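Some notes on the structure that comes next.
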Amino acid sequence: MCRRVIARVLLTSCLLLSGWGPDRSSGSDVIPPELGSWMIGYSEHRTDLPGGRQANVRTNRAVVILADGTGRRSLGEGLLSRPGSWTQFAGWSPRGDRAIIGLGWESAENARWEEDNRTFRFTPEGWSYDMILVDLASGSAENLTAVERVSFYNTGLFFWPGESGRLGFTALIDGQSKPFRMGPDGRGKTDLSGDSQGFAYGFSGSPDGKRISYHQDYQVYLADADGSNRMHVRTGHPFVFAPTWSPDGKWLLFLSGEHYDCHPHVVKADGTGLLKVGDRGGYRGVTQFLDVADFHDGSSDVPVWDVSGDSIFFTGQVGEHVELFRVVPGGEPRQLTHPQGRRAAGEVTHYHPRPSPDGRWLLYGSRRDGVRDLYVMRLSDGAQYRVTRMARGMAAMHSHWRPAHKLEAGLREK
């Protein structure tokens, strides 16, 4: 990995468009004009409704917006005809013409049982989850996980790298989560777990499409694209989580350690050369996305590669705050955010960093004064811009940059 340092940073999203503007604590009052050529997707939800986790989760809505704060619209509203259903933004197609959103539903009875027992209970009668492709120009929606259905609960849809005719996703079958591959029409679904009976999660394909990675029962595995030649990445730790490939496919990044005490590590693509690249300073690694009790304890906050693969962004505890860091593997982490100059009083928690496709900006969430908004940082000088102005009791989460920089006129005007 070379040690090239990237240029600048940005972020975006918004609920109350009239209040959009820069975070004046950064010392900048001018919104960079280039932000208007970027689009992001994210999720909005309530955080303070009584009734526990599901009462708030079911308010989730997938949203897209231009990064200058204009053109906000909700996706997949026509999919919400079933009471108790919701959408969540999950990613983009490689060309950025389609959004990937999750469509969830849970019965009120099952939600009450989960609250009483403080655990999930996934059954076909009580749950459903599918991954939907929404065409950005027309708004049409396609549910590929429902074609030749293999499960009532399907998550993690992604376009197979280097192979436009394939997609990957994860399906829950007989209580076990398994990595699957399918064609562009949803047909030909193939279980890639072989004879494994573990619970697989965090499934992704290498940039060249020839290999896969996932964690199973909190251990990371590598395999060929068809699931063969599976190899356990041995770290000596009981909790290994959320593997992601470097952009050049030469490295794998994941969290490793104890549960609630795990830190960013990398290995080479063959599973060797284990290296700890940062320490989260006591941060448990989950960001609380509700203001009421959550039996699942929040949303996982995992490290990510920059777009060049030269460095890694992660979050860590500094005093009472959770701050953003950047590190070149083998080097010393550099803290990107600091309490000085922030208007927010009390605890500040940053979460879910996402570098822009051109590597100049960083999109992330930040909980300040009890409100969860999206911000963007220009990486060249650290200037920060507050993109959303969520009302108290609302949150902006799960943000994703649209891959294509330039927007077609039809997408901009929609």
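Surrounded by fewer than 20 Cβ atoms within 10 Å (Cβ to Cβ) and modelled with pLDDT under 90: which single residue out of Gly370, Gly319, Gly330 fits that description?
Numbers: Gly319 fails: modelled with pLDDT under 90; Gly330 fails: modelled with pLDDT under 90.
Of Gly370, Gly319, Gly330, the one residue that is surrounded by fewer than 20 Cβ atoms within 10 Å (Cβ to Cβ) and modelled with pLDDT under 90 is Gly370.
Starting from segment 356-368, take each residue that is without any contact (Cβ under 8 Å) to a residue 40 or more places away in the chain and list its partners that are part of a loop (DSSP other than H, G, I, E, B) and surrounded by fewer than 21 Cβ atoms within 10 Å (Cβ to Cβ), counting only C-beta distances under 6 angstrom and pairs at least six apart or across chains.
Matching pairs, first to second residue: Arg368/Ala344; Arg368/Val348.
His338 versus (1) at pLDDT 95 or above; (2) closer than 22 Å to Ala383 by Cβ; (3) assigned to a loop (DSSP other than H, G, I, E, B): which is the lone unmet condition?
The failed condition is (1).
Conditions (1) within 30 Å of Ala146 (Cβ to Cβ); (2) of a type in the set (S, T, N, Q), marked per residue:
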residue: Pro161; (1), (2): yes, no
residue: Arg187; (1), (2): yes, no
residue: His215; (1), (2): yes, no
residue: Gln219; (1), (2): no, yes
residue: Arg234; (1), (2): no, no
residue: Asp248; (1), (2): no, no
residue: Ala269; (1), (2): no, no
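What about Gly209, is it surrounded by 15 or more Cβ atoms within 10 Å (Cβ to Cβ), farther than 16 Å from Pro303 by Cβ and out of contact with any Gly (no Cβ under 7 Å at 6 or more places or on another chain)? Break it down stepwise before answering.
Values: surrounded by 15 or more Cβ atoms within 10 Å (Cβ to Cβ): yes; farther than 16 Å from Pro303 by Cβ: yes; out of contact with any Gly (no Cβ under 7 Å at 6 or more places or on another chain): no.
No: the conditions fail for Gly209.
Ser228 - would you say it is of a type outside the set (A, V, I, L, M) and either within 22 Å of Leu133 (Cβ to Cβ) or buried (at least 21 other Cβ atoms within 10 Å of the Cβ) (or both)? Steps first, please.
Details: of a type outside the set (A, V, I, L, M): yes; either within 22 Å of Leu133 (Cβ to Cβ) or buried (at least 21 other Cβ atoms within 10 Å of the Cβ) (or both): no.
For Ser228, the condition - of a type outside the set (A, V, I, L, M) and either within 22 Å of Leu133 (Cβ to Cβ) or buried (at least 21 other Cβ atoms within 10 Å of the Cβ) (or both) - is not met.
What number goes with the only condition from (1) buried (at least 18 other Cβ atoms within 10 Å of the Cβ); (2) in contact with an Asp or Glu (Cβ under 8 Å, 6 or more places away or on another chain) that Leu362 does not pass?
Condition not satisfied by Leu362: (2).
Scan (1) more than 19 Å from the chain's Cα centre (by Cα); (2) surrounded by 18 or more Cβ atoms within 10 Å (Cβ to Cβ); (3) at pLDDT 95 or above; (4) more than 20 Å from Glu142 (Cβ to Cβ) for the single condition Asp116 breaks and write down its number.
Answer for Asp116: the failing condition is (2).
Out of curiosity, is Glu148 closer than 30 Å to Arg72 by Cβ, over 20 Å from the mean Cα position of the chain (by Cα) and charged (D, E, K, R)? Steps first, answer last, please.
Details: closer than 30 Å to Arg72 by Cβ: no; over 20 Å from the mean Cα position of the chain (by Cα): yes; charged (D, E, K, R): yes.
No.
The values are calculated or read from the model by the stated rules, or taken from the named source; none is laboratory data. It should be emphasised that the depicted structure is a prediction, and the values quoted were computed from it without experimental measurement. Ideal geometry is used to build each Cβ from the backbone, glycine not excepted, and the neighbour counts take in all protein chains shown.
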